[in-house]
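Here's the structure we're looking at; comments come further down.
The values are calculated or read from the model by the stated rules, or taken from the named source; none is laboratory data. Because the structure is a prediction, the values reported are computed rather than measured. Virtual Cβ from ideal backbone geometry, glycine too; neighbours counted across all protein chains shown.
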């Protein structure tokens, strides 16, 4: 195999992916800081943030997943220099994402009583509800931001969402510090302060990204002078046909991680807090793969617009290769430091909660071993899924993700996650099984489709 065919693309892949990675990592880093700050309040508060965010993860998965429909359409229109199609895609995508953001906020807000029916610790539920009230509202600016971000990514302008995210994240960290602990005359609001920080920063994020795009020559005419409520049924239908399956794909994946949070809650507040630590660390490395997934979606979408399928396949494989190399690196880091990393999240000087904190660290260390193993599977499945979205192939991948996570992964988590079986580690074995199955099946699908497209063009 001539690896230079693939490594020659690393530089441009990185140019596209790096801003996305940094933006997503910045966002995840804020979550990391949130967890560290809230963890100083106690394990119950950390578990409450985990429970509240589990509802948010489900809603966010639908919003973010749906918004990804915008990127391949914009990438295809951009490579074909089709201004009208690009503007129409952006306008209709923004409209649908705004409506979806409002719907998701209402769904989460009215779903709060479900927490009492899920057999979660009462102390945790009572702390989670006021937190969730505020972060639920932040879904509206978040999903609107996703519409702007996916448009920007599709135009290969990946650095601008990164700028907006980083500024919002700095603001979020500052507000969290002031409001959680009541510094510099601000009220001490505990974990509710973290929710206010999230809400305000997401509002700033939307405004700043739109302002950036409205000032840049490539995007100005596409994002301004929009007749927001003058809609084309065909474009609505096109976005819905791509967006709904994409939303389901992300929903199925995020859903199984959310189920892991709930299953951990059945084991008690300490396993739930440990699960949150391992999940937060794993999410940070996953965001690197997500950056490559966006690069995969954009570059495959560009080549699809040019009908250059051999080049499409070569470029896609170069991104897959990068994802594997980075995933192996993170797997080694997790394995080597699985005992040290969880200690960042708890206060060992807190004598009253020392026993709880030590148990949380011990459980989280075990989970990071499982996380080390599924780094590779997770990296492969997300970049291949990005490539399939670039091909605008969404229906079969949706079925694949459902089977992988809920027919295979969840039963394993449920059975082995019982206290009398493997407990928390058993839950994460189910995640490993689901992600590995998805990686294999999605790759088979991509390989089949691209070879078929090449054959059809040659004939």
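In the stretch 388-405, what count of residues is obtained for those that are in contact (Cβ under 8 Å) with a residue 40 or more places away in the chain and surrounded by fewer than 16 Cβ atoms within 10 Å (Cβ to Cβ)?
2
Scanning for something surrounded by fewer than 14 Cβ atoms within 10 Å (Cβ to Cβ) and within 30 Å of residue 43 (Cβ to Cβ), does the stretch 120-128 turn up at least one residue?
Checking the stretch 120-128: at least one residue is surrounded by fewer than 14 Cβ atoms within 10 Å (Cβ to Cβ) and within 30 Å of residue 43 (Cβ to Cβ).
Can you pull out the residues in the stretch 426-442 that are surrounded by fewer than 24 Cβ atoms within 10 Å (Cβ to Cβ) and under 20 Å from the mean Cα position of the chain (by Cα)?
Listed by number, the residues that qualify are 432, 433, 436, 437, 439.
Look at residue 36 and say whether it is under 22 Å from residue 203 (Cβ atoms) and touching a residue at least 12 places away in the same chain (Cβ under 8 Å).
no
Confirm whether residue 87 is over 21 Å from the mean Cα position of the chain (by Cα) and on the phi > 0 side of the Ramachandran plot.
For residue 87, the condition - over 21 Å from the mean Cα position of the chain (by Cα) and on the phi > 0 side of the Ramachandran plot - is not met.
Give me a count of the residues in the stretch 38-81 that are modelled with pLDDT under 80, outside any helix (DSSP H, G or I) and touching a helix residue (DSSP H, G or I) at 6+ places or on another chain (Cβ under 7 Å).
2
Could we say that residue 90 is farther than 21 Å from residue 277 by Cα and either in contact with a helix residue (DSSP H, G or I) (Cβ under 9 Å, 6 or more places away or on another chain) or outside any helix (DSSP H, G or I) (or both) here?
yes
Every residue in the stretch 349-404 that is closer than 23 Å to residue 46 by Cβ and not in a helix (DSSP H, G or I), please.
Selection gives 349, 350.
State whether the residues of the stretch 96-115 include one that is touching a residue at least 60 places away in the same chain (Cβ under 8 Å) and surrounded by fewer than 19 Cβ atoms within 10 Å (Cβ to Cβ).
No, the stretch 96-115 contains no residue that is touching a residue at least 60 places away in the same chain (Cβ under 8 Å) and surrounded by fewer than 19 Cβ atoms within 10 Å (Cβ to Cβ).
Of (1) crowded, with 16+ Cβ neighbours inside 10 Å; (2) at pLDDT 90 or above; (3) under 16 Å from residue 101 (Cα atoms), residue 240 satisfies all except one. Which?
The failed condition is (1).
Do we have residue 132 as part of a helix (DSSP H, G or I) and either surrounded by fewer than 22 Cβ atoms within 10 Å (Cβ to Cβ) or over 21 Å from the mean Cα position of the chain (by Cα) (or both) here?
Against the criterion (part of a helix (DSSP H, G or I) and either surrounded by fewer than 22 Cβ atoms within 10 Å (Cβ to Cβ) or over 21 Å from the mean Cα position of the chain (by Cα) (or both)), residue 132 does not qualify.
Counting just the residues of the stretch 188-219 that are closer than 24 Å to residue 43 by Cβ and in a loop (DSSP other than H, G, I, E, B), which one comes out modelled with the lowest pLDDT?
Only one residue fits best here, namely 190.
Output yes when any residue across the stretch 103-118 is under 23 Å from residue 227 (Cβ atoms), assigned to a helix (DSSP H, G or I) and at pLDDT 90 or above, and no when none is.
yes
Can you tell me which residue among 320, 252 is surrounded by fewer than 24 Cβ atoms within 10 Å (Cβ to Cβ) and touching a helix residue (DSSP H, G or I) at 6+ places or on another chain (Cβ under 7 Å)?
On inspection, the qualifying residue turns out to be 320.
Looking only at residues that are crowded, with 18+ Cβ neighbours inside 10 Å and closer than 25 Å to residue 248 by Cβ in the stretch 409-425, which one is modelled with the lowest pLDDT?
The residue in question is 417.
The conditions are (1) over 22 Å from residue 38 (Cβ atoms); (2) surrounded by 22 or more Cβ atoms within 10 Å (Cβ to Cβ); (3) more than 17 Å from the chain's Cα centre (by Cα), and residue 233 fails exactly one of them. Which is it?
(2)
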